[in-house]
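This report concerns only the one structure given below.
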Amino acid sequence: MQQRSVVRVGASLIVASLALTACGSRNDDNGGGGSTSTTKTAKIGVIAPLSGDLSPLGLGIQHSVELAVKQANDTNAIPGWKLEVDAKDDTGKADPGKNAATSLAGDDSVIGVVGTLNTSVSLQVQPVLAPKNIVQVSPANTGPALTQGANWQTDPKRPYPTYFRTCTTDAVQGPFAARYLYNTAKITKVATIHDKKAYGQGLVGTFTEEFKKLGGQVVAAQTINPDDSNYQAVVSSIKPSAPQAVYYGGEYPNAGPLSQQMKAAGLNVPLMGGDGIKDPKYIQLAGKTATGDLSTSVGAPTDSTEAGKKFLADYKAAGYKEDSAAYGGYSYDAANAIINALKDSLKDATDVISARQKTVDALSKVSFDGVTGKVAFDQYGDTTSKVLTVYKVDAGKWTTVETKDFAAS
């Protein structure tokens with residue numbers, strides 16, 4: 001009886017051992033006749049607002065990364081490795097963003113992160129990911145200090161070698177808007193308003209400097225609280241100064257109602273903002289009087305290039321419920337920048353952690369034609385592309401006014 005029990009236990013252990021062996025490897029057809037190999041997993045994290053007011057932008061970021069990863073896996077872009085997406089919700093706020101970064105940094109299989117949407121969130125995320133040598137590529141952060149430090153205007157120094165971005169910065173976007181209003185729209189007097197957050201404050205700062213340099217007047221400068229919904233006091237304070245336009249630094253959840261309340265109070269001038277307001281939701285919030293409002297956004301319109309049209313068609317075919325939104329193309333390019341780096345860093349790697357520093361090094365040398373144009377990074381981790389577009393609300397949608405390289409604007 002005792003001997004029979006020992007035999008049973010031994011047989012069970014052999015079966016379990018065989019089962020574990022089967023779980024640890026798979027028969028992959030890598031185009032080489034179906035040779036058996038062990039497939040390892042590397043994760044690309046996403047940190048973005050997946051819930052709340054900014055979720056249309058955040059979900060577009062997430063799904064665009066998912067599309068890039070799916071295509072990489074389908075084409076066996078990195079032999080021996082399978083990529084996965086691990087998306088975390090930062091709700092557009094700094095503390096949840098830091099928590100998301102902490103969670104991803106604690107996962108030994110995370111090789112890179114796409115995000116964040118908000119500059120203020122990245123300020124908390126960067127110092128969490130950098131010590132772990134986890135690359136971060138933002139499709140949307142425009143604050144210059146993220147790549148060139150607090151003294152970026154006079155003494156630029158890169159704070160974190162792990163941080164990159166596929167969008168251009170407010171050092172370009174703010175002046176680009178100022179040049180359009182002053183040189184093209186012939187507007188010489190503006191009022192400015194920002195939401196006190198890093199993105200909005202920085203955008204208004206660079207806009208103001210350039211507008212004054214051109215000879216324009218900033219006749220009023222006000223702020224709002226991002227949690228407020230009634231802006232009558234601010235509108236009343238700037239209306240007597242008779243601005244020809246209002247330049248707003250912030251995002252569409254505040255900008256839309258602000259535009260509506262401006263017009264309702266008789267301040268019938270265009271509201272102009274940056275990429276943070278360029279979303280269909282802005283027009284819904286601003287209402288019928290949004291006609292004539294303006295925004296700038298990084299890059300050329302996605303549907304204006306063949307690569308962009310293919311991305312949009314692939315995105316639609318994938319069946320995502322939410323639109324790719326303003327940063328879809330930049331997120332897709334950000335994910336593919338990481339994937340291109342991984343082709344080098346994971347080639348001979350035995351695990352993710354040992355490949356992280358090599359990924360940082362490889363990413364700095366990436367150069368390819370993406371959805372948004374040439375994808376490459378300068379010595380600070382900023383995109384080398386300086387193309388921007390001006391949009392105007394017309395007939396209930398954003399329409400293209402002009403696309404220019406900043407150097408030629």
Exercise for review: Go through the residues of region 334-342 one by one and say whether even a single one is farther than 30 Å from residue 291 by Cα and touching a Pro at 6+ places or on another chain (Cβ under 6 Å).
Suggested key: yes
Study note, to complete from the structure: Here, helices (runs of 4 or more DSSP H) confined to region 2-113 with at least 1 residues that are surrounded by 19 or more Cβ atoms within 10 Å (Cβ to Cβ) and modelled with pLDDT of 95 or more are 55-74, 94-105
Exercise for review: Can you work out which of the residues in region 365-382 that are free of Cβ contacts under 8 Å to residues at least 40 places away in the same chain and surrounded by 14 or more Cβ atoms within 10 Å (Cβ to Cβ) is farthest from the chain's Cα centre (by Cα)?
Suggested key: 366
Exercise for review: Only strands (runs of 3 or more DSSP E) wholly contained in region 158-228 count here; list those with 2 or more residues that are open to solvent by 30 Å² or more (accessible area, probe 1.4 Å), in contact with a helix residue (DSSP H, G or I) (Cβ under 7 Å, 6 or more places away or on another chain) and more than 19 Å from residue 299 (Cα to Cα).
Suggested key: 217-223
Practice item. Go through the residues of region 122-142 one by one and say whether even a single one is open to solvent by less than 10 Å² (accessible area, probe 1.4 Å) and at pLDDT below 95. Key: yes
Exercise for review: Output the residue which, of all residues in region 321-373 that are of a type in the set (Ser, Thr, Tyr) and assigned to a helix (DSSP H, G or I), is nearest to residue 111 (Cα to Cα).
Suggested key: 359
Study note, to complete from the structure: Counting only residues that are within 23 Å of the chain's Cα centre (by Cα) and hydroxyl-bearing (Ser, Thr, Tyr), region 146-202 contains a total of 8
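Which of the residues belonging to region 383-394 are open to solvent by 10 Å² or more (accessible area, probe 1.4 Å) and under 25 Å from residue 162 (Cα atoms)?
Result: 384, 385, 386, 387.
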**Study point:** Residue identified as touching a Phe, Trp or Tyr at 6+ places or on another chain (Cβ under 9 Å) and within 18 Å of residue 230 (Cβ to Cβ) among 267, 285
**Key:** 285
Check your understanding: Among the residues of region 315-344, which ones are closer than 16 Å to residue 367 by Cβ and open to solvent by 60 Å² or more (accessible area, probe 1.4 Å)?
Key -> 343, 344
Exercise for review: Keeping to region 258-282, report how many residues are under 22 Å from residue 298 (Cα atoms), touching a strand residue (DSSP E or B) at 6+ places or on another chain (Cβ under 6 Å) and open to solvent by 10 Å² or more (accessible area, probe 1.4 Å).
Suggested key: 2
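The values are calculated or read from the model by the stated rules, or taken from the named source; none is laboratory data. Nothing here was measured: the structure is a model prediction, and the numbers come from that model. Neighbour counts run over all protein chains shown; Cβ positions are idealised from the backbone, glycine included. These accessible areas exclude ligands, DNA and RNA; they are computed on the full protein's heavy atoms, side chains included. Shrake-Rupley method; radii C 1.70, N 1.55, O 1.52, S 1.80 Å.
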